[in-house]
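Down below is the structure, laid out as structure tokens.
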Amino acid sequence: MKKLPALIVFAFLICGTVPLSAQDIGRETRVDSVLASVNGEPITLLDVLIESGREEMRLASMFSGARLYSEIAKLRKKVIDEIIVRKLVYDSYKEKPFPIEEQYIEDLMDSLAVSMGGGSRSGLVKRAKELGTTMPELREKVKEKLAVDILLSEYCDRPIYITPKEVYDYYTEHQKEWTKPAKYELQLLHIANDGGRSGPDPETTCKRLAEQLAKADEALFTQLVRDNSDAANSESGGSAGFVDQDKLRPEFASAMQNVKPGQIVGPVKTPEGYYFIRITSIVPEERIPFEKASEEIRRTLDMKAKNEMRAKYADNLKSRALIRYYF
């Protein structure tokens, strides 16, 4: 028998044996399937479903068939790795437990009711029963998650301090991120190479139009578009809306250097024919000042530092644990 690729095998194991549709997500019955273990403690499909359910519904709205299996497999593998780290951190909590306010647990149970129970606690009770678990067990998993989040914040997040110099250095070293390119509002008149309104001789048509457009205003350009353009939007006057300067096709960018609002350029030769371009308006390039960008930069650098610290902390925990995957 030909061996299936590992990813497909994993997808079938963790997604069930029946092809998934948007309605099928989360209906697997093999929730007691052990997908991994850490220091002998199993991680089951139910553990994963509790956390992946909402995102799987989003994936089901984007993909189908084999692609959906593949995307869900990647998602659940990521969740499994997160659960492994959480269980290792939770061991620290069990060694030195601290009280967790009941309201935090209730808030997270409400979130579960939305993602797994159709929006109600009664629906969550029903779904828990279908999955072979109980509300007390779900509450214990919720408590575990909260405890770990608190400890990760304590161990990895609080020590981080992003200095003002780091923020400013990032701003100066990544200036393109904080610069909005110039935008051009365009009207286009398209003359197709062959078979359009101009027939087999588009160059003659372009020469005639160039003479008419030499001093044309918006009204005349719009009328000439309606009368001559081969574009699908000719009846609406050929409006192309706003286009960022750095996203202009090369032929247009070359022809539009140093243009001004109201100016008409062309004919511009392209593989599909010729274009006359009217620049309706121009929004100049805008540099976002440091004062407006600094807070977003600080948050970005803070999140990056936290993720790096959490990754190192997780790697340290996993290096001292016995971890097994069963897929």
Taking only the alpha-carbon atoms of segment 174-327, the convex hull volume per residue, in cubic angstrom, is 202 Å³
To the nearest 20 debye, segment 30-152 has a Cα-centred charge dipole, built from +1 on Lys and Arg Cβ and -1 on Asp and Glu Cβ, of 440 debye
About its Cα centre, segment 200-313 carries a charge dipole, from +1 on Lys and Arg Cβ atoms and -1 on Asp and Glu Cβ atoms, whose size in debye to the nearest 20 is 600 debye
Treating only Lys and Arg (+1) and Asp and Glu (-1) as charged, each at its beta carbon, one finds that the chain has a dipole about its Cα centre, in Debye to the nearest 20, of 900 debye
Contour minus Cα-Cα span, Ser153 to Met135, at 0.36 nm per residue, comes to 3.8 nm
One checks the Cα atoms of segment 93-243 and finds Rg and Dmax, in Å, of 32.5, 86
Quotient of Cα radius of gyration and Kirkwood radius for segment 272-327, i.e. Rg/Rh, equals 1.45
Nearest-0.05 FRET efficiency for Ala214 and Phe242 at R0 = 30 Å, using Cβ-Cβ distance, is 0.70
Longest the chain segment clear of GluC sites (Glu not before Pro) sitting in DSSP loops (not H, G, I, E or B) with at most 16 other Cβ atoms within 10 Å runs 102-271
In whole Å, largest first, the alpha carbons of segment 25-128 cover along the principal axes 47, 33, 21
Taking the alpha-carbon centre of each part, the distance from segment 163-181 to segment 233-292 in Å is 28 Å
The farthest towards the positive end of the charge dipole of the chain, of the residues Ala66, Ser236, Leu146, given +1 on Cβ of Lys and Arg and -1 on Cβ of Asp and Glu, is Ala66
On each of the three principal axes the extent of the alpha-carbon atoms of segment 96-143, given in whole Å and largest first, is 34, 20, 13
In this structure, the FRET efficiency calculated for Asn316 and Ser61 from their beta-carbon separation, with R0 = 30 Å, to the nearest 0.05, is 0.20
Stokes-Einstein D for the chain (4 °C, 1.567 mPa s, Kirkwood Rh from Cα pairs), in µm²/s, comes to 51 µm²/s
Filtered hits (lysines, Cα-Cα < 24 Å from Lys183, offset >= 8 within chain) -> Lys215, Lys247, Lys260, Lys269, Lys292
In terms of the charge dipole of segment 188-289, which places +1 on Lys and Arg and -1 on Asp and Glu at the beta carbon, the residue among Gly196, Pro261, Ile288 farthest towards the positive end is Pro261
With a 25 Å threshold on alpha-carbon distance, the violating pairs from Lys180/Lys207; Lys94/Lys126; Lys145/Lys306; Lys74/Lys318 are Lys180/Lys207; Lys94/Lys126
Pseudo-spin-label distance Asp201 to Arg287, built 7 Å along Cα→Cβ, given in nm, is 5.3 nm
If R0 = 25 Å, then Asp227 and Lys176, at their Cβ-Cβ distance, give a FRET efficiency to the nearest 0.05 of 0.05
Kirkwood Rh over alpha-carbon pairs of segment 127-195 plugged into Stokes-Einstein at 10 °C, 1.306 mPa s gives a D in µm²/s of 83 µm²/s
The extension gain from Asp169 to Glu272, computed as 0.36 nm times the residue separation minus the Cα-Cα distance, is 32.5 nm
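Since every read-out is calculated from the coordinates, none of them should be taken as a lab result. Just so it is clear, the model here is predicted, and its values are computed rather than measured. With ideal geometry, Cβ positions are generated from the backbone for all residues, glycine too; neighbour counts draw on all protein chains shown.
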